[in-house]
Amino acid sequence: MALITAVNIYKDYQTEDVIVHALQGLDFEIDPASFVSFVGPSGSGKTTLLNLIGCLDKPSTGKLTVAGFDVAPLSRKESAAFRGKNLGFIFQDFNMIPVLTVYENIEYPLIMVQNIEPSERRERIVKMLDAVGMADQRNKYPQQISGGQKQRVAIARALVTNPVLVLADEPTANLDSQTAYTVIGLMKKMRDELGTTFIFSTHDTKIVGEAEVIYRLVDGELAGKEVKGGSAHA
Amino acid sequence: MRNLFKIAIRNLIRYKRRTLLTASLITIGVVFVLVFVSISGSFKAMITGQITDSMMGHLQLHRKGYVASIDNLPLNLNMKQAAYQKIAQILRSNKHVETFSPRLKFGGMFSNFTETTNIRLNGIDPEAEFKTAPLFPSRIMEGKPTLARGEILIPALLAKGMKVKPGDPVVVVATNADGSVNGKQFIVSGILESATGPGGRDGYVHIEDAAEVLRMTETEVSEVAVRLKDFSQLAAVVRQLKGTVMEEVNKQGQPMFEVHSWEDLSPFFNIARMIDVMTFFIRIMLIAIVIISIMNVMIMAVYERIREIGTIAAIGTLPGKIRSMFIIEGFCMGVVGAIIGVLIGILIIGIVNLIGISFDFGQQKGLLLTAKLSFFDLLFVPVIVIVVAVAASLQPAIKASKMEPIEALRHV
Ligand SMILES: Nc1ncnc2c1ncn2[C@@H]1O[C@H](COP(=O)(O)OP(=O)(O)OP(=O)(O)O)[C@@H](O)[C@H]1O
Ligand SMILES: [Mg+2]
């Protein structure tokens, strides 16, 4: 069964004078444990779509199912609980909590979102720190580490709650290309190890090559789908 | 919960200077209130004690209408012995009453054999009077702190003006209720320091001597001064006594007696009330300081951390937790400000007592003020500050918890 099913998704934004049609009738399915990218020029609707899949926003029309849940009828609080339980987020600007150390940033969702007991918490964090190669930086504060390191911590924070799906909107946009490749590589490695689905967006046509399934977005419409090592069909 | 505190405290430390400024504003407010409340309260208690214990008693009973014309000491408004016994009976059976003292007040002429002037006198039973007004003996500046039959205590100003001293013979002449005049010779036994308030410049003789001068067949009583076991019960006892005493009616069905607390009789009570009003406004000011400073800081904190709020909301932190996070910040600032304020307040009050503030009240010179803090204020002021700090953080905290994550994340 597909992890995500989108049927005829539309999203309009009502601004003061005009209605912006950000997404115009998207249909797609994403399988569990896949490594997916949405690519497209600025304004093509990548962020809008990832917000919908991430239960941060709701489609104007259409049916979106994530991990078996129809997400449209969820209340604010239910959405928050759903995100906390099933999803992980990686942000373009890293979005560390500045007053917490690397270790505590990874610990945050285990305490404040889920309620994991201390011994298991420690075990999971240490495992994640090792996996992302940040074990020796664990007591540093976010402003003491580099952007690439912050994004590694963000990957650890997103994965430590054992989500089924991690969403990353332009995770490499603020990184140099060398670091960008390492970060995407790390994400892929984690997918291989944990079987977590990753969806990331990018407008970088080189980095998108790292994805296994690539959706091209143009003006809020799907303009193509490419599956690596398999058949490409629209 | 522990982690909410950890994050809140770290955030407070992150904006060290601002936190310090806000907390010290609260501290200053708390110190100010505590010191003011303590000094003014102690001043009030001390003056009240001076007034009640050196002269007035805590409350007084008279025959109905006496207080209205107390300036001319009307003999026809005295209580007869039977009426006084009724009052005495009521007072003896009241468990709040420690002791009471009957007084026979009258006006007369005072002569040192060369000069004559007018004088207001209280006939008292010395034993009862000294118990009811325990500071009374301390007002006797010269002579002996007792009063026997045939002796008179005269106020200092009169002694000075008439040039009499303890041991001198004097004559008191008074007109009795029938209009006939009588005189009696007394020996000055002591000079009385003046006190503030009605009756503060009266002389004193034994009540039996007073009855003799006034040619009374039975000793009448103008006023009964009462001392309570617990001064803080005053209002309740006055209410209670009014109830019982009002039931005593004359043949026309009118109440026979009236009850007044010292507050009704002494002009100082208005000053005491003024002090209370000032204290009240200073407390309100403290609350305003706390509200404004905490709210200001919390609104700023929420505004600065919109993206952070967006992040934690996006990864699934429930709105209630986000709200708590900010409320706890306000709470912590309130706690720190209040505790430091209390400590500094206690320190300052200690220093004030060490140095010793002395002041003069009326004729009483060099009264030494001991500032005390009631347990109530010590507990209540910081608790109020903390409660207000939490209340002031509420609005910004709720605003933070209601933010939409995508909008908060887009915020630059
Ligand atoms: N909150 C909003 N209100 C109004 N219009 C919006 C809003 N968010 C996005 N849009 C519009 O919707 C369209 C899609 O925007 P979106 O942010 O999804 O694009 P994107 O592909 O993420 O672009 P970029 O690569 O620049 O991040 C754009 O035309 C944008 O102006
Ligand atoms: Mg975008």
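Compared with the dominant principal axis of the Cα atoms in chain A, helix A:147-159 is inclined by about 80°. Rg of the Cα atoms in segment B:65-255, relative to 2.2 N^0.38 Å, amounts to 1.06. Summing +1 for each Lys or Arg and -1 for each Asp or Glu among the other residues whose beta-carbon sits under 9 angstrom from that of B:Asp202 gives +3. Centre-to-centre separation between the Cα atoms of segment A:146-183 and those of segment B:58-85: 93 Å. For segment B:290-328, which residues drop by 20 square angstrom or more in accessible area between the chain on its own and all protein chains together (1.4 Å probe)? Residues losing area: B:Arg307, B:Glu308, B:Thr311, B:Ile312, B:Ala314, B:Ile315, B:Gly316, B:Thr317, B:Leu318, B:Pro319, B:Lys321. Rolling a 1.4 Å probe across the protein heavy atoms gives the protein assembly as shown an accessible surface of 46 Å² per residue.
Across chain B, where is the longest run that never hits GluC sites (Glu not before Pro) in a DSSP loop with at most 14 other C-beta atoms within 10 Å? So the longest stretch without any such site is B:249-412. In terms of distances greater than 32 angstrom between alpha carbons, the cross-link table entries B:Lys64/B:Lys95; A:Lys85/A:Lys189; A:Lys206/B:Lys6 yield A:Lys206/B:Lys6. Close amide H pairs (under 5 Å, H built 1.01 Å from N) link A:Leu217 with A:Val39, A:Gly40, A:Ala223, residues at least 5 positions away or on another chain. Of the complete DSSP H runs in chain B, those spanning 27 angstrom or more by Cα along the long axis with a mean Kyte-Doolittle score not below -1.0 are B:16-51, B:268-304, B:319-355, B:375-401.
Projecting the Cα positions of B:His206, B:Ser69, B:Leu121 onto the charge dipole of the protein assembly as shown (unit charges on Cβ atoms of Lys, Arg, Asp and Glu, taken about the Cα centre) puts B:His206 furthest along the positive direction. Computed from label points 7 Å out along Cα-Cβ, the spacing between B:Lys372 and A:Gln143 is 5.2 nm.
Accessible surface comparison of B:Met216, B:Met300, probe 1.4 Å, protein chains only, largest first: the order is B:Met300, B:Met216.
Distance from the C-alpha centroid of segment B:234-264 to that of segment B:1-55: 42 Å, rounded to the whole angstrom.
Out of the total accessible area of the protein assembly as shown (probe 1.4 Å, heavy atoms of protein only), what percent is carbon and sulfur? About 58 percent, which is the carbon plus sulfur part of the accessible surface. As a calculated quantity, the FRET efficiency between B:Leu394 and B:Asn250 at R0 = 51 Å, using C-beta atoms, amounts to about 0.25. Between A:Asn162 and A:Ala135, the distance separating the two model label sites (each 7 Å from Cα on the Cα→Cβ line) works out to 2.2 nm. For segment A:120-125, backbone phi angles converted through the Karplus equation (6.51, -1.76, 1.60; θ = phi - 60°) give residue-by-residue couplings of 5, 4, 4, 4, 5, 5 Hz, Gly and Pro being listed as x.
Mean residue ellipticity, 222 nm, helices only, chain A: the sum of -39500 (n - 2.57) across DSSP H runs of n ≥ 4, divided by residue count and rounded to 500, is -9500 deg cm²/dmol.
Shielding of peptide A:90-102 by partners, expressed as the average count of other chain Cβ atoms within 10 Å per residue Cβ, is 4.
The values are calculated or read from the model by the stated rules, or taken from the named source; none is laboratory data. Everything numeric in this text was worked out from a predicted model, so none of it was measured. Cβ: placed from backbone, ideal geometry, glycine included. Neighbour counts: every protein chain shown. Calculation scope for accessible area: heavy atoms of the full protein, side chains included, ligands and nucleic acids excluded. Shrake-Rupley method; radii C 1.70, N 1.55, O 1.52, S 1.80 Å.
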